[in-house]
Amino acid sequence: MKAKSIKGKSIAEIKIAFESSIEDGFKPTLAIVFMSIVHDRDAICDLLDSSGISIFGATTHGEFISKEIEEKSIVVMLLDINREYFKILYDEFKDGNYRETSKKMAQNSLEIYDNTAFLISVSNMITDVEKLILGFEDILGKDVNIFGGGAGDDFAFKEQFVFTNGMASNNGIVTLLLDEEKILVKGIATHGWMAVGTEKTVTRSEGNHVYTVDNVPVLELTKKYGGLDELTPEKVENLGDITATLPLQLQRETGAAVMRPGLIVDWEDGSFYCGGTVPQGSKVRFSIPPDFNVIEKVVDEVKNLKEREIPFADAIVVFSCAGRIHTLGPLMKKEVEGVQNVWDASLVGFFSSGEIARATDGYNDLHNLTTCTVAIKEKN
């Protein structure tokens, strides 16, 4: 399997790059497309569809390709993978039927392959990704390989899209099925944030709405430990002002902790709406603001994945939290470079609204402030 990544700031640039990529006889069958909401999705799909290429696509909060971070661009990974080795499924959510939708997809996969790895993207930020994960596991068990990220819209947080050939939705899911008998798919979720302080107990929460930790409003604890006594609504312009300040790490019974930053603040009661559920009674710790060590930890864990499970890769797909580009800024380029250098393979990725992957030594989970790296290799 050969993979080539192309990019452009317009449909015309992508067309030129695409035509250049096939001059040597390269015949892609699959395109992974990550693009800014400002571009014409239909035009991109028409270009690829006219060449008989299947499309797995999502809009983004920013894109990257190989070693470059992009904004308001289009990035495309083209693969000449055997058509019998992959399948794309698409569906829309109706009345919050997230678990039922993923169960149906999982059931359909059994009719296609004996063992399937899933790359998924979902649109609409109210989507309950944890229910989606449960739906896959209801049918395929907790060992199923699921990787992905929520679509974005250049930080507008209004309307995001997933798409494939002839279909797009601002409230749906697109899924790339890969036959694990023919394709090796391995991934890892890493964030690199360092936990600080003692373990604390969530004393009141409902779903992703955290009210109190150790019987103190979570915002008050954030102010106390972050030295942010002057934090007010007027000083919070976007989610980065909160996620960069002592985000919570949710301790799991099995596996590594997952990040749960506060994305929305209720200033009246000092509560947070987090990126995923934080069960009442669960244990959490705060995280210190990131530095370059965050990048080093992520790259080191990706190197460990290479050494343990997949020494060679044909392609790398990365789903990285939109909060990372906000908090890490220019350091993100170092992270993308580091990950790409691990296998020296073609890479494509985007900044997402939540990431989906197996936690280290744990189970499939919804992550925040995390980089999900997926390595793909055709078996001999």
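So here's what we get for this one:
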| item | result |
| --- | --- |
| Sorted by Cβ density within 10 Å, fewest first, the residues 271, 51, 287 | 51, 271, 287 |
| Mean separation of Cα contacts under 8 Å, 6 or more apart, over the residue count of the chain: relative contact order % | 21 percent |
| Relative frequency of Cα-Cα separations exceeding 27 Å in the chain, percent | 45 percent |
| Environment charge at residue 196 (Cβ cut-off 14 Å; Lys +1, Arg +1, Asp -1, Glu -1) | +1 |
| Magnitude of the charge dipole, region 300-380, Cβ model with Lys/Arg +1 and Asp/Glu -1, debye to 20 | 100 debye |
| Burial ordering of 33, 202, fewest other beta-carbon atoms within 10 Å first | 202, 33 |
| Test item: Cα-centred dipole of region 1-115, Lys/Arg +1 and Asp/Glu -1 on Cβ, debye | 220 debye |
| Top positive-direction residue, dipole computed over the chain with Cβ charges, set 38, 329, 61 | 329 |
| Charge dipole (region 87-212, unit charges on Cβ, about Cα centre) - positive-most of 187, 177, 166 | 187 |
| Order of 34, 161, 351 under a 10 Å beta carbon neighbour criterion, fewest first | 161, 351, 34 |
| Under DSSP loop assignment and at most 15 Cβ neighbours within 10 Å, longest GluC sites (Glu not before Pro)-free interval of the chain | 310-380 |
| Anisotropy class of region 120-173 from Cα gyration tensor, a/c 1.5 cut | prolate |
| For region 1-73 versus region 121-157, the gap between their alpha-carbon centres in whole angstrom | 23 Å |
| For the chain, size of Cβ-based charge dipole, Lys and Arg +1, Asp and Glu -1, in debye | 540 debye |
| Shape call, region 128-211: gyration tensor on alpha carbons, a/c limit 1.5 | oblate |
| Surface/4 estimate of mean projected area, convex hull on alpha-carbon atoms of region 291-380, nm² | 5.8 nm² |
| 5 angstrom amide H check on residue 161, placed H, neighbours 5+ away | 59, 152 |
| Which of 125, 274, 250, positive extreme of dipole for the chain (C-beta unit charges) | 250 |
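Taken together, the values in this text are just the output of simple stated rules run on the coordinates, not laboratory data. Owing to the predicted nature of the structure, the values given are computational and were not obtained by experimental measurement. Glycine gets a Cβ as well: all are built from the backbone with ideal geometry, and neighbour counts include every protein chain shown.
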